[in-house]
Amino acid sequence: MVTNYTPAQLKMLVTETLHKEFDVTPENATPENFYFALSQIISNLLEEKHDTFYAHAKSTGAKEINYLSMEFLMGRSLKTALYNLGYAQAIENLLAEYGVSMSSVYDCEPDAGLGNGGLGRLAACYLDGMAKNGYNAYGYSILYEYGIFKQKIVDGWQTELPDNWLPGGKVWLRALPQRSVNVTFGGQIDETWMDNHHFVTHRNATVVKAVPYDLYVSGYNSEAVSVLRLWRAESPSFDMESFNRGDYVSATQQIATAEAISKVLYPNDNHTEGKRLRLRQQYFLCAASVSDIVSRHMNEYGQLDNLAEKVSIHINDTHPTLAIPELMRILLDDCGYSWETAWEMVTRIFSYTNHTVLAEALEVWDEQLFKELLPRIYQIICEINRRFCSQLYEFFGDGSPKVGEMAILWPNTIRMAHLCVCACHSVNGVSKLHSQIIKDDVFHNFYLYTPEKFQNVTNGIAYRRWLSQSNPSLTRLLCETIGDGFLTHSEELEKFRAFAHDSGVLERLEASKKENKENFANYVYKTTGQTINPASIFDVQVKRLHEYKRQHLNALNIISEYLYLRENPQADFVPKTYIFGAKAASGYFLAKQIIKLLCMLSEEIKKNPQIAEKLSVVYLEDYKVTLSELLMPASEVSEQISLAGKEASGTGNMKLMLNGALTVGTLDGANIEIGEAAGMENMFIFGMTAEEVKQTQPGYQPRKFYESNPVIHRAVDLLRSGINGAQFDDLANSLINTDPYMVLADFDAYRAVQKRVSAVYRNPEQWNRMSLHNIAGAGIFSADRAVREYAQNIWHL
Ligand code: 26Q
């Protein structure tokens, strides 16, 4: 039975836990003591609640969804859990009795940064949405000892520090050693036939033990609790034989090699690296998770014949693709199913989401490396490929070049996306435009072959995290105007539109934004010493650093404004603060150079106080989920300026819109749908369309823009001559010579739209009204809605 604690019971529990764990009374407890005590209490409660929910779900025969992802960017848990369970106010009151603030307790929790950016945060948002909607959901990933690195900026240069999150984070984890699984690597495969039965044995393999740790995710006002099951790699035993021989190195090496698998998250975003350790990580996740899914099913039903009826497995991008051949392996080798039956089951069970069209992000593995590390999985993929190609020849005609283009194995490589599309019953993109591009370009041949597989599910966000939990003043305004139904049904935000001409509401909206800006400015001052003028426009570009996202287009415009103000210091100029936050993949040189450029620009402008009053740049170190929760409510302009056709969806764009920021954006990813929802007249669209990019990119000569456009010319020249003493030749050369993301081609349009932003800002009523339309239109971008679409159209829950 799940308890619903009264404030008095909560007080007793907290007191008991503080005494038991720390031997302190509430009067003497530190915020950290409170953090651990509360987290333990809530985590225990969620475990109990999950057990009740799970038993009920199983007794009704409900289908379950398993979401496999190499990343879950969870952020903090305590605040969300208290909010979702309805205990936030009671705990705040309780702490107040002891003179302790809620935020000082929340600040003791490290972010669980088990992801890079959009893809990982999306997975975390979907666990929230699945719990809210009452689905029986498991997320599966790796318990990285070190998540995404901590970013430290030294003289403008990004350095990476280890993210040691476990000391503060493990209170949310429940170890389940009894559910450990062995995962096998390397060795040789022996196949024998006996009485018409195929037997496969694995010789000389290396075994790694996968130990699960569960983290519970509560749903808002819901009985359901999602589980995030994270696998930790251990050596199955100590190598006594080597040790006794005196070979201490081998004995300890085995442990180190095993444990390396869950040591650290690869910090690449939208870029693959064909490294052996990454492949070991991916198979480790897949083998452990599939084994767990199958064994839970066996416990429940005692057979696998109905597996496809009761279980869906979703693959978050291609990173967990190996779950497909792994399930084939179990059904064939361990359970004795025929190939045809096993394949039928697998294709019904698996579905796949694509998150990128960038060529460098499409996963391809070296065949030789793969074969050595995963010999049995390799054999199974070969057979999948053989059968697939023969069907393709039948469909497209003998000798069709399409078959080679579509094959899973092609010269010495294994293409993971092709395996996914071949094996999954559903393939979806993450915005309308992206889903169309997949059909037209990336997977066009596959679309011709099996058009019925292709779908769209536009991304969604756990909107309560960024609205009611992060922006109390806006939430208050919404509750007073439209009631609190929007907290459960995000569509009800639409009701806010009725106030578009209510000057009282518009003024309150402005006041709320002002308050949030001041709070944020205070926070930045306290934590970094930088001052921000709260009367300036807060123009925000926060996301991973990547050329396709074009932070350097933003920088080039700032340089031009700086040069203009240097010559026209008296110009009538709407003050603006450009706020950036971004991590770059550690080996991505140009991205790091762009970070340095932004930091140097910030310093250079500060040297000239007259200009600094009107124009300033703030670079936020170590941008992460928790920082985004502080920043979104204070933002006024949302920079979504990727080259059209490259950003699959974006989700930061949705969080900013929800908090009333106006989008400056290209017609890319979900920006298009943001325009449809808010009204195109309520955002600032600029630049080439995806179609225009496709037409003009082939013969593109950026140098012509440099030579003919004096504003571009001067800005690029300044990169060369130096900003705050640092020169940016590589960036300048890249812009003039190749400009792969067509920054110069969109520059004029971007500048023009930025001028419009400033002009509109001079009219607060118009600005506030546009902001209101954005908030009212944001409901469609909730994870609750997105997860519902997956459940109905893809997982058939
Ligand atoms: C692959 C192989 C080896 C190492 C790393 C990787 C790797 C890791 C992360 C490849 C890609 C990623 C991340 C991709 C990503 O975050 N994509 C974003 O997904 C969001 C959610 O759908 C979208 O909103 C963004 O548009 C998309 O860029």
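The values are calculated or read from the model by the stated rules, or taken from the named source; none is laboratory data. Since this is a predicted model, take the numbers as computed values, not measurements. Cβ placement follows ideal geometry from the backbone for every residue including glycine, while neighbour counts extend to all protein chains displayed.
Within the range 219-252, the set of residues being among the small types (Gly, Ala, Ser), in a loop (DSSP other than H, G, I, E, B) and at pLDDT 95 or above comprises GLY219, SER222, ALA224, SER235. Cβ-Cβ distances below 7 Å connect the following pairs, each with a first residue in the range 160-172 that is under 16 Å from VAL227 (Cβ atoms), a second residue that is part of a helix (DSSP H, G or I), and a separation of six or more residues or different chains: TRP172/SER39; TRP172/SER43.
Scoring PHE350 on the criteria (1) modelled with pLDDT of 95 or more; (2) hydrophobic (A, V, I, L, M, F, W, C); (3) in contact with a helix residue (DSSP H, G or I) (Cβ under 7 Å, 6 or more places away or on another chain); (4) within 14 Å of the ligand (Cβ to nearest atom) leaves a single failure, condition (4). Restricting attention to the range 599-656, the residues that are away from the ligand (no atom under 16 Å from the Cβ) and either under 17 Å from GLY675 (Cβ atoms) or touching a strand residue (DSSP E or B) at 6+ places or on another chain (Cβ under 8 Å) (or both) add up to 24. I'd like the residue in the range 126-162 that is within 16 Å of the ligand (Cβ to nearest atom) and closer than 30 Å to LEU598 by Cα and, out of all such residues, is farthest from the chain's Cα centre (by Cα). Among those that are within 16 Å of the ligand (Cβ to nearest atom) and closer than 30 Å to LEU598 by Cα, it is GLU160.
Which pairs turn up if I take residues in the range 116-133 that are closer than 17 Å to PRO320 by Cβ and look for partners that are part of a helix (DSSP H, G or I) and within 11 Å of the ligand (Cβ to nearest atom) with beta carbon separation below 8 Å, at least 6 apart in sequence or on another chain? Between residues of the range 116-133 that are closer than 17 Å to PRO320 by Cβ and residues that are part of a helix (DSSP H, G or I) and within 11 Å of the ligand (Cβ to nearest atom), the close pairs are GLY118/GLY652; TYR126/ALA786. Could you please find all residues in the range 353-394 being away from the ligand (no atom under 16 Å from the Cβ), buried (at least 18 other Cβ atoms within 10 Å of the Cβ) and charged (D, E, K, R)? Passing the criteria: only ARG376. Within the range 215-240, the set of residues being in contact with a helix residue (DSSP H, G or I) (Cβ under 8 Å, 6 or more places away or on another chain) and charged (D, E, K, R) comprises GLU223, ARG229, GLU234, ASP239. The set of residues in the range 527-553 that are hydroxyl-bearing (Ser, Thr, Tyr) and over 21 Å from LEU731 (Cβ atoms) comprises THR527, THR528, THR531, SER536. What do you reckon, is ILE685 within 16 Å of the ligand (Cβ to nearest atom), aliphatic (A, V, I, L, M), under 27 Å from the mean Cα position of the chain (by Cα) and on the phi < 0 side of the Ramachandran plot? Criteria not met by ILE685. What residue, among those in the range 405-427 that are small (Gly, Ala, Ser) and in a helix (DSSP H, G or I), is nearest to PHE388 (Cα to Cα)? Of everything passing the filter in the range 405-427, ALA423 is nearest to PHE388 (Cα to Cα). Yes or no: ASP484 farther than 27 Å from GLN89 by Cβ and not hydrophobic (A, V, I, L, M, F, W, C)? No: the conditions fail for ASP484.
Looking across the range 531-540, just one residue is within 22 Å of LYS624 (Cβ to Cβ), outside any loop (DSSP other than H, G, I, E, B) and either under 16 Å from the mean Cα position of the chain (by Cα) or among the β-branched types (Val, Ile, Thr) (or both), and that is VAL540.
Among residues that are of a type in the set (Phe, Trp, Tyr), within 24 Å of the chain's Cα centre (by Cα), surrounded by 15 or more Cβ atoms within 10 Å (Cβ to Cβ) and not in a helix (DSSP H, G or I), TYR283 is not included. Name the pairs: first residue in the range 696-725 and in contact (Cβ under 8 Å) with a residue 40 or more places away in the chain and within 19 Å of LYS607 (Cβ to Cβ), second residue among the hydrophobic types (A, V, I, L, M, F, W, C) and in a loop (DSSP other than H, G, I, E, B), Cβ to Cβ under 7 Å, at least 6 apart or on different chains? Every condition considered, the pairs that remain are LEU719/PHE728. Among the conditions (1) among the hydroxyl-bearing types (Ser, Thr, Tyr); (2) surrounded by 24 or more Cβ atoms within 10 Å (Cβ to Cβ); (3) away from the ligand (no atom under 16 Å from the Cβ), TYR106 misses just one, which is (2). Once the range 137-172 is narrowed to residues that are acidic (Asp, Glu) and under 23 Å from ALA123 (Cα atoms), the residue that is surrounded by the most Cβ atoms within 10 Å (Cβ to Cβ) is ASP163. Of the residues making up the range 563-597, those that are more than 25 Å from the chain's Cα centre (by Cα) and of a type in the set (Phe, Trp, Tyr) are TYR564, PHE573. Considering the conditions (1) more than 15 Å from the ligand (Cβ to nearest atom); (2) touching an Asp or Glu at 6+ places or on another chain (Cβ under 7 Å), GLY336 is excluded by exactly one of them, (2). When VAL207, VAL217 are checked against the criterion of being surrounded by 12 or more Cβ atoms within 10 Å (Cβ to Cβ), aliphatic (A, V, I, L, M) and in contact (Cβ under 8 Å) with a residue 60 or more places away in the chain, VAL217 stands alone in meeting it.
How about the range 564-577: which of its residues are of a type outside the set (Asp, Glu) and out of contact with any helix residue (DSSP H, G or I) (no Cβ under 6 Å at 6 or more places or on another chain)? Residues satisfying the conditions are TYR564, ARG566, ASN568, GLN570, ALA571, PHE573, PRO575, LYS576, THR577. Considering GLN254, GLN282, the condition of being in contact with a Pro (Cβ under 8 Å, 6 or more places away or on another chain) and in contact (Cβ under 8 Å) with a residue 12 or more places away in the chain is satisfied by GLN282 alone. Of the residues making up the range 114-123, at least one is in a helix (DSSP H, G or I) and under 19 Å from ASP292 (Cβ atoms).
Looking only at the range 305-333, residues that are within 16 Å of the ligand (Cβ to nearest atom) and in a helix (DSSP H, G or I) come to 1 in all. Taken over the range 253-285, the criterion of being more than 26 Å from ASP239 (Cα to Cα) and either touching a helix residue (DSSP H, G or I) at 6+ places or on another chain (Cβ under 9 Å) or at pLDDT 95 or above (or both) is satisfied by LEU265, TYR266, PRO267, ASN268, ASP269, ASN270, HIS271, THR272, GLY274, LYS275.
If you take the residues in the range 388-436 that are more than 24 Å from the chain's Cα centre (by Cα) and small (Gly, Ala, Ser), which one is nearest to THR318 (Cα to Cα)? Only one residue tops the list, namely ALA423. In the range 19-110, counting only helices (runs of 4 or more DSSP H) that sit wholly within it, the ones holding 2 or more residues that are over 19 Å from THR6 (Cα atoms) and without any contact (Cβ under 8 Å) to a residue 12 or more places away in the chain span 31-59.
Which ones in the range 257-280 are assigned to a helix (DSSP H, G or I), within 14 Å of the ligand (Cβ to nearest atom) and among the aliphatic types (A, V, I, L, M)? Result: LEU277, LEU279. Taking the range 428-454 as the range and being more than 14 Å from the ligand (Cβ to nearest atom) and assigned to a strand (DSSP E or B) as the test, only PHE454 passes.
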